[in-house]
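Asks: Mind having a look at this structure? Questions to follow.
Just so it is clear, none of the values below were taken in a lab; they were calculated from the coordinates. The shown structure was predicted, so the numbers you read here are calculated from the model rather than taken from an experiment. Every residue, glycine as well, gets a Cβ built from its backbone with ideal geometry; the counts of neighbours run over all protein chains shown.
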Amino acid sequence: MQTHQNEQEDRFPELQALSSQPQSEDCQEQSSNLIRPQKPLNPLTASKSHRQLHKELRMTHKRVSQEGRTELQRALEKRKWEQRMKASREQEEAKKNRSPLHQELLKRHQRLDKLESSKAQQQDEPEFLRVKERLRRTAVLDTGEEKAC
């Protein structure tokens, strides 16, 4: 009710001027007999549960606006980070635990992959270029044999 009176005084400066003047007793009686309009209470905002919920929402919004991310986003980022760390740890352990045989097999596999890729590149070349390359090789081998004799 106090706030309602303050709002009225802000809206109507004439009322404020009248209230600041000393009033006589009969004026005070008349003003006390007057029915002043009051804003009806909103049952939703008056309920305790609604106020608590609104307070929680304000605090959550304040926290999110300060941090820039929601709790769900933070949880997802943390999960992704943990998965990446776990995968990198597993890779490091796998590298450490490789036996010499396993390492040699990997080298051999890499070498075979390189050969296959070079074969695929040669397959893409026209046939006359491949024939020309073979002729060069045979010519180089023939000259090498003549010099050896």
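Asks: In debye to the nearest 20, how big a dipole does segment 62-147 give about its Cα centre with +1 on each Lys and Arg Cβ and -1 on each Asp and Glu Cβ? Each step should come with its number before you reach the end.
Replies: Numbers: 24 positive and 17 negative charges, 149 e Å.
The calculation lands at about 720 debye.
Asks: Another question, if that's okay. Within straight cross-link reach of Lys132, meaning Cα distance under 30 Å, which lysines are found once same-chain residues fewer than 8 apart are removed?
Replies: Cα-Cα hits under 30 Å: Lys114, Lys119, Lys147.
Asks: Right, next: Which of the listed residues, Ala120, Val64, Thr138, is farthest toward the dipole's positive end in segment 41-149, when Lys, Arg count +1 and Asp, Glu count -1 at the beta-carbon?
Replies: Of the candidates, Val64 comes out farthest on the positive side.
Asks: Once R0 is set to 30 Å, what does the formula 1/(1 + (r/R0)^6) return for the Cβ-Cβ distance between His61 and Arg89, expressed as a FRET efficiency to the nearest 0.05?
Replies: 0.20
Asks: Next question, about the same structure. In whole Hz, what ³J(HN,Hα) sequence does segment 52-58 give by Karplus (6.51, -1.76, 1.60; θ = phi - 60°), x for Gly and Pro?
Replies: 5, 5, 5, 4, 5, 4, 4
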